[in-house]
Ligand code: NAD
């Protein structure tokens, strides 16, 4: 199971692309590719979601993520997050839940095992030393520093950086017989390439659930179009 920004849209968190999103379809690039020209919450992604942006203006980046943290405290999971938490209760570790989202709505809904491949909004790490990332809901006006003296940074994966957990994700794909992607525009790699990897393996049925056909729609067996909060509970027969 792969979830993207669209699963949190009905909770009031803005997506990057697509209906209700910040930019127009097709403006996205790979996290390993160049920066995007899209705006997210009135900021250019290259200013607030790239290592270069952080180097240029850490204060702007921290203010941006501090605002996102404040918003995160007030948003609640929607029926799509709740359906996935119930699905985990029902089938346990047979569900592998990987999210591109940095919000904590899956956990708020009760999901226990969630792989955040693009990091977590409510965590911080050092930009230099190998101190472990730590939970941090704080909002900062100016950039905080680590005990080692370097700047702390949000524990999120920015454009140009390597996502977390790829080895574990590819192991799960090898074992997968049903792949469901929810609310992901299919524009951000490597996540957008998971479905074509599965097609190549030839074992899994691949279903997309979201408002509109994603950019990688051709690789799915089926696209169910609509809101995640309305479609997911019935897809998994959860009341
Ligand atoms: P995206 O913003 O590129 O695309 C969102 C997709 O969700 C669109 O295709 C849109 O049609 C669909 N959508 C909108 N409302 C929906 C709904 N109610 N139900 C189902 N689908 C809906 O998202 P992405 O593919 O996840 O890539 C964006 C990147 O931005 C990710 O890396 C993610 O880390 C980051 N991001 C995270 C959050 C978050 O944590 N909530 C929010 C925005 C962006």
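Rule-based calculations on the coordinates, nothing more; no lab input. Only a predicted model underlies this, so the values are computations on that prediction, with no experimental measurement involved. Note: ideal-geometry Cβ built from the backbone for every residue, glycine included; neighbour counts use all protein chains shown.
On full extension, the segment bounded by residue 41 and residue 147 gains 35.0 nm, given 0.36 nm per residue less the C-alpha separation.
Between residue 129 and residue 170, full extension at 0.36 nm per residue minus the direct alpha carbon distance yields a gain of 12.0 nm. If R0 is 22 Å, the Cβ-Cβ spacing of residue 212 and residue 14 corresponds to a FRET efficiency of close to 0.85.
Applying 0.36 nm per residue to the separation of residue 90 and residue 112 and subtracting their alpha-carbon distance, the gain on full extension is 6.7 nm.
Label zone (residue 70, point 7 Å along Cα-to-C-beta; backbone nitrogen cut-off 18 Å) within segment 102-123: 121-123.
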